[in-house]
Amino acid sequence: MKKTKKKSNCPINSALEVFGDKWTFLIVRDIMFNGKHYYGEFLNAEEKISTNILADRLSLLEQSGIITKTKDNNHKSKFVYRLTQKGIDLLPILLEFIVWSSKYDKDVDEDNTFFESIRKDKIKMLDEISNKLKNELIEH
C-alpha cells in the first residue's frame, strides 16, 4: 500500500487517516475482544466486510504498525494477524466507544458482566485486557 500525504498535522486528522471508516476499528475490535486472528474469521464477522475492503484495511493497519502479519506455524498457507503495542494502546479508546454506545444506543448488545466490570473499575478492566493482549504478543 502506497503511503499517502496527510491532509494536515492535526492529531484528530492523523487518527482519521487510519481510522476514518468503520472497518479498521471493527478489525481491531475483533482481534482485541473476540480473539480473531485469521482472514476468514474477519470475513465471518456480523458486519459482513467485503474481501477487497478487508484486504485493504489489513494492509493499512499493518503499514501503520497497529497489527503484525505472520505465517501460521501450523498452516503455512495462512497468516496470523496480531495487535502490536501500538494497537494495544487503542484499548482505552475502544472501551470508551463501548461505554458511550451502551449509554446512548439502547439496541446495543450488552454483555452485562463486561459492562458492569467497565463501569465498576475501568482501570482494572483496562489492565486485565491489556495484560492479556501483551501476553499474546510475547508468546508469539
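Just so it is clear, none of the values below were taken in a lab; they were calculated from the coordinates. Not measured: the values here are computed from a predicted model. Neighbour counts run over all protein chains shown; Cβ positions are idealised from the backbone, glycine included.
Could you give me the ³J(HN,Hα) list for segment 48-54, computed from phi with Karplus coefficients 6.51, -1.76, 1.60 and θ = phi - 60°, whole Hz, x at Gly and Pro?
Per residue, the Karplus-derived 3J(HN,Hα) values read 6, 6, 7, 4, 5, 5, 4 Hz.
Would you pull out the residues with amide H under 5 Å of E110's amide H, same chain only if 5 or more places away, H placed 1.01 Å from N?
Amide H to amide H, under 5 Å and 5 or more residues apart or across chains, E110 pairs with nothing.
Among the lysines, select those whose C-alpha is under 23 Å from the C-alpha of K76, and discard any that sit fewer than 8 residues away in the same chain.
Cross-link targets: K36.
List the residues, sorted by chain then number, that are 5 or more residues from F79 or on another chain and whose placed amide H is less than 5 Å from its amide H.
Under 5 Å from the amide H of F79: Y39, D72.
Could you please report the charge total around K134, scoring K, R as +1 and D, E as -1 over all other residues with beta-carbon less than 15 angstrom from its beta-carbon?
Numbers: positive: R82, K86, K132; negative: D89, D127, E128, E136, E139.
Once positives and negatives cancel, what remains is -2.
Set the bar at 26 Å for Cα to Cα. Now go through K71/K132; K86/K106; K5/K134; K7/K69 and name every pair that lies beyond it.
Details: K71/K132 22 Å; K86/K106 31 Å; K5/K134 31 Å; K7/K69 28 Å.
Over 26 Å apart, Cα to Cα: K86/K106; K5/K134; K7/K69.
Using the Cα centre as the reference, give the magnitude of the dipole from point charges on the C-beta atoms of segment 56-127 (Lys, Arg: +1; Asp, Glu: -1; all else neutral), rounded to the nearest 20 debye.
Dipole size: approximately 400 debye.
Taking the Cα centre of the chain as origin, sum charge times position over the Cβ atoms of Lys and Arg (+1) and Asp and Glu (-1), and report the length of that vector in debye to the nearest 20. Intermediate results must be reported in sequence, preceding the final value.
Details: 24 positive and 22 negative charges, 152 e Å.
Charge dipole of the chain: 720 debye, to the nearest 20.
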